[in-house]
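Remarks on the structure that follows.
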Amino acid sequence: MSRTIAAALLAVTVVAAAQAADDKGEVIARRWCASCHLVAADQTRASTQAPPFSAIAKKPGFDASKVALFLLLPHPKMPDMNLSRAEAAELAAYIKKQGR
Ligand code: HEC
């Protein structure tokens with residue numbers, strides 16, 4: 001196999017892995033967060049108190065690693081969802097994408 005083909009195959013694998021991770025964040029968001037937050041552009045109803053993910057991502061100073069940390073700490077207005085570190089990171093990455 002030529003080096004170019006090997007490199008191309010590797011690139012495809014890496015991108016596919018990243019997309020799978022994004023999907024995971026979306027699955028968790030739709031399952032655990034959508035009752036209060038607007039988590040995606042196609043969602044029409046949510047609680048009026050919780051900010052939409054797109055608005056969170058557009059806040060000045062938004063930082064995915066801070067959001068991931070925030071999600072691991074208990075906070076009064078949100079139920080403790082017992083997220084793993086990996087899940088919190090995937091959610092934060094997903095929220096970041098909603099700001100585009
Ligand atoms: C029971 C309702 C509820 C659920 C479920 C919920 N949230 Fe929230 N969330 C809120 C409310 C209300 C706020 C606003 C808190 C405040 O104003 O102090 C908030 C705030 C946040 C913030 C901080 C926004 C900011 O700019 O400070 C983030 C990030 C967040 N939620 C992410 C999530 C994620 C991710 C999930 C799912 C794993 C989730 N929330 C599930 C109600 C909820």
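The values are calculated or read from the model by the stated rules, or taken from the named source; none is laboratory data. For clarity, every value in this text was computed on a predicted model and none was experimentally measured. Cβ placement follows ideal geometry from the backbone for every residue including glycine, while neighbour counts extend to all protein chains displayed. Just so you know, the surface numbers come from the protein's heavy atoms only, side chains and all, with ligands and any DNA or RNA stripped out. Shrake-Rupley method; radii C 1.70, N 1.55, O 1.52, S 1.80 Å.
With Cβ to Cβ distances under 11 Å as the rule, what net charge do the other residues near ALA57 carry (K, R +1; D, E -1)?
Numbers: positive: LYS58, LYS59, LYS96, LYS97, ARG100; negative: ASP63.
Taking every other residue near ALA57 into account, the sum is +4.
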Contact order normalised by length for the range 36-88, with contacts defined as Cα pairs under 8 Å and 6 or more residues apart; what percent is it? 24
Along its three principal axes, how long is the range 45-100 when you only count alpha carbons? Whole Å, largest extent first please. 27, 24, 19
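Please list 56-62, 75-81, 31-37 highest first by mean number of surrounding beta-carbon atoms within 10 Å per residue. Walk me through the numbers before you get to the answer.
On the way: 56-62: 12.1, 75-81: 10.0, 31-37: 16.9.
Ranked from most to least packed, the peptides come out as 31-37, 56-62, 75-81.
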At 1.4 Å probe radius, can you tell me the per residue accessible area of the range 46-92 in Å²? 70
Given H placed 1.01 Å from N in the peptide plane, which residues other than close sequence neighbours of CYS36 have an amide H under 5 Å from its amide H? SER47
